[in-house]
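Single-structure report; data block below.
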Amino acid sequence: MERFLGLASVLLSISFIWPQVWRSLRHNTTHGISPFGLVHGLIGATLWLSYGIHERIAPVAIANTSFLTAQSLIIYVAYKNGHIERRVISGAYLVVVAILVFVTPLPESLIGITAVCISGSAIIPQFIHVLRTDNLHGISLTSYTLTIITCTVWLLYGFVISDFMISAQNFVAIPIMLFITHKAVSYTHLRAHETGRNL
């Protein structure tokens, strides 16, 4: 069971973000995506990468490496459209490097707790952004659906390997992602009704 959930976690984590990357690049938009949430998620994923390296948990390290690559592409689209300033991006990547160099050697409990707090709260800016905006054109429903499934599998994987750090953030993330997905589906149906076609 451990091996199956580990493999499923990696495969889902590698795949869930890429529909969002594709939508952002294809439509050249990040409407509905919180710029702060993008940077916050980048830092959180780096902490999880650090935790995976420190604890030698390959699924965690591989999944977060893929996420960092994908998130960087979305950040590029946001930057290109003037939604994130260059200095913010530069600062974020300096933090990424600092985490990998200086945090990885720290005790695993400190890395894990920090990763749970930062990564677990990364969905909050997106949640607030979605509450405040009506334009959710940039949100990929495929990505959010896969994200909910992915978080559920990571939650189970954490229980199976008795690593509460891996499970913890998903207790908060899953309900928020369900809400965001519901609002994005409503937006898509409304737009389809207004234009008389499927988006």
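Within the stretch 27-39, residues that are under 24 Å from G91 (Cβ atoms) reach partners that are open to solvent by less than 20 Å² (accessible area, probe 1.4 Å) and of a type in the set (S, T, Y) with beta carbons closer than 7 Å, at six or more positions or on different chains, in the pairs T30/S24.
Each row is one residue, and each column tells you yes or no for (1) polar (S, T, N, Q); (2) modelled with pLDDT of 95 or more; (3) assigned to a helix (DSSP H, G or I); (4) under 18 Å from the mean Cα position of the chain (by Cα).
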position	(1), (2), (3), (4)
A8	no, no, yes, yes
L12	no, no, yes, yes
T30	yes, no, no, yes
F36	no, no, yes, yes
N64	yes, no, yes, yes
V77	no, yes, yes, yes
I89	no, yes, yes, yes
L100	no, no, yes, no
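For the stretch 55-96, filtered to residues that are of a type in the set (F, W, Y) and open to solvent by 70 Å² or more (accessible area, probe 1.4 Å), the residue that is nearest to S143 (Cα to Cα) is Y76.
Scanning the stretch 112-129 for residues that are over 16 Å from I75 (Cα atoms) and out of contact with any Ser or Thr (no Cβ under 8 Å at 6 or more places or on another chain) turns up G112, I113, T114, V116, C117, I118, S119, G120, S121, I124, F127. From the residues in the stretch 140-156 that are of a type outside the set (A, V, I, L, M, F, W, C) and over 16 Å from Q71 (Cβ atoms), which one is surrounded by the most Cβ atoms within 10 Å (Cβ to Cβ)? For the stretch 140-156, the residue satisfying everything is T145.
The values are calculated or read from the model by the stated rules, or taken from the named source; none is laboratory data. Given the structure is predicted, the values throughout are model-derived calculations rather than measurements. Counting neighbours? That spans all protein chains shown, and the Cβs are built from the backbone with ideal geometry, glycine included. Heads up: the accessible areas ignore ligands, DNA and RNA and are worked out on the full protein's heavy atoms, side chains in. Shrake-Rupley method; radii C 1.70, N 1.55, O 1.52, S 1.80 Å.
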